[in-house]
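Worksheet: one structure, shown below.
The values are calculated or read from the model by the stated rules, or taken from the named source; none is laboratory data. All values derive from a computational prediction rather than experimental measurement. Note: ideal-geometry Cβ built from the backbone for every residue, glycine included; neighbour counts use all protein chains shown. When the accessible area is computed, the model is the full protein with side chains, heavy atoms only, and any ligands, DNA or RNA have been set aside. Shrake-Rupley method; radii C 1.70, N 1.55, O 1.52, S 1.80 Å.
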Amino acid sequence: MLWAALHFPNLALDGVLRRHPHPERPLALVAGPAQRRVLVAVNPAAARHGLHVGQALAAAHALCADFAMVEHDEAEVARWREFLAAWAYRYSSQVSLAFDRAVVLEVEASLGLFGPWPRFERQLRTDLGALGFSHRIALAPNARAAWVLAGVQDGVGLPHAATLDTALARIPVGRARLEPKTASALHAMGLRRLGQLFAAPRESLAKRFGPRLLHHLDRMRGAADPFDLYRPPDRFDLRIELGHEVESSQALLFPLRRMTADLAAFLAGRDGGVQRFVLHLEHEGHADSEVVVGMLAAERNPALLFELARGRLEQARIPAPVRGLRLRADELPPFVPAGRELFDDRPAQSVPWTTLRERLRARLGDDAVHALEAVEDHRPERAWRRVAMPETGNRKKTARPERSGAAAKSKDRQSFDSGPAGLRSGRTEGDLSRPTWLLHRPIPLRGRVRVLAGPERVESGWWDSDDVRRDYYVVETHEGQRAWAFRAAGEAAGGFMLHGWFA
């Protein structure tokens, strides 16, 4: 087996900066009691002003009067680790959070899918860079060794066990992931590198430091190392505390974009999609506002999720300033990519129908976008009706219905007319094709036309006092357009009434 360790040395700070509107400005994480506040992390802009980890808050203000302060939250760090584990799950089914400030994943089984390790490593780094997390990556035959190596040197890869002992032996004791008291005691005894510990008498080490030290050393070198594997949760829940009150929906777009991107990364990790999620806008002294984002099919494209959420948010009425933003997705159905042809002749700038449909629903409202359903009525204007858009969570193509209504054979009355070939059906070459654009009501067709096909007799509606008796033709106008037009039944001459256009 081969294990990759992803070490996140600045996880708490990265978690804050990636959702901060101005990460380039000085910022520090602070912790401690009110009388002894200290800095626990600083961003590069704050470091350039002289701020550093462990510095008293009062001293930091003396050096830089204007820097952003965020309370350090260890629970938030744990949530970011869970998120990164969910993201890593897309690359391996064996992911663990057993090691501090790191995510480890077994990668040997994934090399056939994602390519050799150098290419796989580049993909991991690209993803983590896009997510906004600084990181170190190492590869080793076991998870614990990879974790230790990642803390010492970024990018080291030891796929063969024969070279592992040599590399571990050179690691300083202080950087070998030992307990701080143990590392200090070993250093005081003159044991400065792991190689010296490997050669030291095991009984003496066990008597002096207990079995934990030996277990750590043995597991680094390949002994059995049991730990729990990560399993992604069945729902997504992310909350962002805003630094100030926000009154405009436009100001919420920056954190919203990051949240929908995190949702997409989470969904990709579990190979799922989302069909409905809820934005909770938190107010002070007022009940939370809810913005529901629903889709007819499961999606996980980050750009589409953001666009749909933005459209719903812009339509929402915000009753009070927003202090926090929360995104919840409780139902995560399987995601089935839309089918595409191998040689797709669709223009490069075109938008898939499912994407366009969701954009229209988000911008115009659910009631503004409808589907059409065939009705068993031969009159063209009554052969369809407007219905709600059906959910297509499984993305399976539905069979095209048989022609009905205007597209069906007129079975109410079979009519014939006489022509050069004698008695013949009104449909000369089988059913006439039907236009893609049916006018709301027929209008006179002006100008000279040439008959291409027809007539096709439609007689229907006698039972509801809206009887029609028409002969339909496919005609070509003097401008070359193909139209669907009719005359009164039995008329061999006279003007046409335009009822539709062919694409």
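The number of residues in segment 292-303 that are more than 16 Å from residue 334 (Cα to Cα) and open to solvent by less than 10 Å² (accessible area, probe 1.4 Å) comes to 1. Against the conditions (1) assigned to a loop (DSSP other than H, G, I, E, B); (2) in contact (Cβ under 8 Å) with a residue 12 or more places away in the chain, residue 65 satisfies every one except (2). Of the residues making up segment 445-465, those that are part of a loop (DSSP other than H, G, I, E, B), surrounded by fewer than 15 Cβ atoms within 10 Å (Cβ to Cβ) and in contact (Cβ under 8 Å) with a residue 12 or more places away in the chain number 2. Can you name the residue in segment 41-62 that is in a helix (DSSP H, G or I) and in contact with a Pro (Cβ under 7 Å, 6 or more places away or on another chain) and, of all such residues, is surrounded by the most Cβ atoms within 10 Å (Cβ to Cβ)? Selected residue: 46.
For segment 68-78, the candidate set comprises residues that are assigned to a helix (DSSP H, G or I) and charged (D, E, K, R); within that set, the residue that is least open to solvent (accessible area, probe 1.4 Å) is 76. Here residue 145 clears all of (1) in contact with a helix residue (DSSP H, G or I) (Cβ under 9 Å, 6 or more places away or on another chain); (2) part of a helix (DSSP H, G or I); (3) surrounded by fewer than 20 Cβ atoms within 10 Å (Cβ to Cβ) except the condition numbered (3). Which ones in segment 235-266 are crowded, with 19+ Cβ neighbours inside 10 Å and over 19 Å from residue 310 (Cα atoms)? If the condition is that a residue be crowded, with 19+ Cβ neighbours inside 10 Å and over 19 Å from residue 310 (Cα atoms), then 266 is the only one that fits.
Given the criterion modelled with pLDDT of 90 or more and either more than 30 Å from residue 146 (Cα to Cα) or in a helix (DSSP H, G or I) (or both), identify the matching residue among 213, 229.
Working: 229 fails: either more than 30 Å from residue 146 (Cα to Cα) or in a helix (DSSP H, G or I) (or both).
Residue meeting the stated conditions: 213.
Yes or no: residue 307 assigned to a strand (DSSP E or B) and charged (D, E, K, R)? No: the conditions fail for residue 307.
For segment 365-408, a residue qualifies if it is modelled with pLDDT of 75 or more, open to solvent by 60 Å² or more (accessible area, probe 1.4 Å) and under 18 Å from residue 354 (Cβ atoms), and the qualifying residues are 370, 372, 388.
Okay, residues lined up against (1) within 21 Å of the chain's Cα centre (by Cα); (2) modelled with pLDDT of 95 or more; (3) surrounded by fewer than 17 Cβ atoms within 10 Å (Cβ to Cβ):
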position	(1), (2), (3)
82	yes, no, yes
89	yes, no, no
97	no, yes, no
101	no, no, no
104	no, yes, no
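The sole residue among 90, 81 that is touching a residue at least 40 places away in the same chain (Cβ under 8 Å), of a type in the set (Lys, Arg), touching a helix residue (DSSP H, G or I) at 6+ places or on another chain (Cβ under 9 Å) and in a loop (DSSP other than H, G, I, E, B) is 90. Of the set (1) open to solvent by 70 Å² or more (accessible area, probe 1.4 Å); (2) at pLDDT 85 or above, all apply to residue 439 but (1).
When segment 116-142 is filtered for residues that are in a loop (DSSP other than H, G, I, E, B), open to solvent by 10 Å² or more (accessible area, probe 1.4 Å), touching a helix residue (DSSP H, G or I) at 6+ places or on another chain (Cβ under 9 Å) and not hydroxyl-bearing (Ser, Thr, Tyr), the ones remaining, listed by number, are 132, 135, 141, 142.
Scanning segment 466-503 for residues that are touching a His at 6+ places or on another chain (Cβ under 9 Å), within 13 Å of residue 444 (Cα to Cα) and surrounded by fewer than 20 Cβ atoms within 10 Å (Cβ to Cβ) gives no hits. Taking the listed residues 46, 58, 98, the one that is of a type in the set (A, V, I, L, M, F, W, C) and touching a residue at least 40 places away in the same chain (Cβ under 8 Å) is 98, with no other qualifying.
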